[in-house]
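The values are calculated or read from the model by the stated rules, or taken from the named source; none is laboratory data. Remember, predicted model here, so these are calculated numbers, not experimental data. Cβ coordinates were reconstructed from backbone atoms using ideal geometry, including for glycine residues, and neighbour counts include every protein chain displayed.
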């Protein structure tokens with residue numbers, strides 16, 4: 001997807017996120033944070049020349065990054081990816097009951113409101129970083 005399309009999509013996810021209540025809509029917040037964050041991740045990758053616009057990531061680790069792509073990832077982008085990885089893990093755990101041990105039985109954990117708060121904080125860090133990169 002083209003850089004501009006990622007930015008437009010992220011903007012649309014952001015508009016939708018602002019309409020949600022963190023307490024009652026927490027599953028949607030997790031899902032939409034994942035989608036918005038992935039759009040911004042791809043925008044950063046394309047803007048920085050880390051990955052060509054012909055290739056997009058579905059997650060920070062999927063598809064697997066080639067050695068050439070890995071070599072182009074700077075420490076600030078790695079930090080953004082770590083913030084995104086937290087969102088991905090929480091979304092897997094709380095929306096799909098998939099924990100770190102993918103072979104374990106799927107059981108949804110008790111909900112912790114701090115999870116969605118941390119995801120939103122991470123998403124806003126990702127957004128601020130992406131805006132800075134786009135302006136470079």
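Among the conditions (1) surrounded by 11 or more Cβ atoms within 10 Å (Cβ to Cβ); (2) at pLDDT 95 or above; (3) within 25 Å of residue 18 (Cα to Cα), residue 111 misses just one, which is (2). One residue stands out among those in segment 47-98 that are in contact (Cβ under 8 Å) with a residue 60 or more places away in the chain and surrounded by 18 or more Cβ atoms within 10 Å (Cβ to Cβ): the one that is nearest to residue 31 (Cα to Cα), which is 91.
Taken as a whole, the structure leaves residue 37 outside the set of residues that are on the phi > 0 side of the Ramachandran plot and either loosely packed, with under 11 Cβ neighbours inside 10 Å or touching a residue at least 40 places away in the same chain (Cβ under 8 Å) (or both).
Scanning segment 1-21 for residues that are outside any helix (DSSP H, G or I) and surrounded by 14 or more Cβ atoms within 10 Å (Cβ to Cβ) yields 1, 20. Please go through segment 25-51 and pick out each residue that is assigned to a loop (DSSP other than H, G, I, E, B) and either at pLDDT below 95 or closer than 17 Å to residue 130 by Cβ (or both). Within segment 25-51, 48, 49, 50, 51 meet the criteria.
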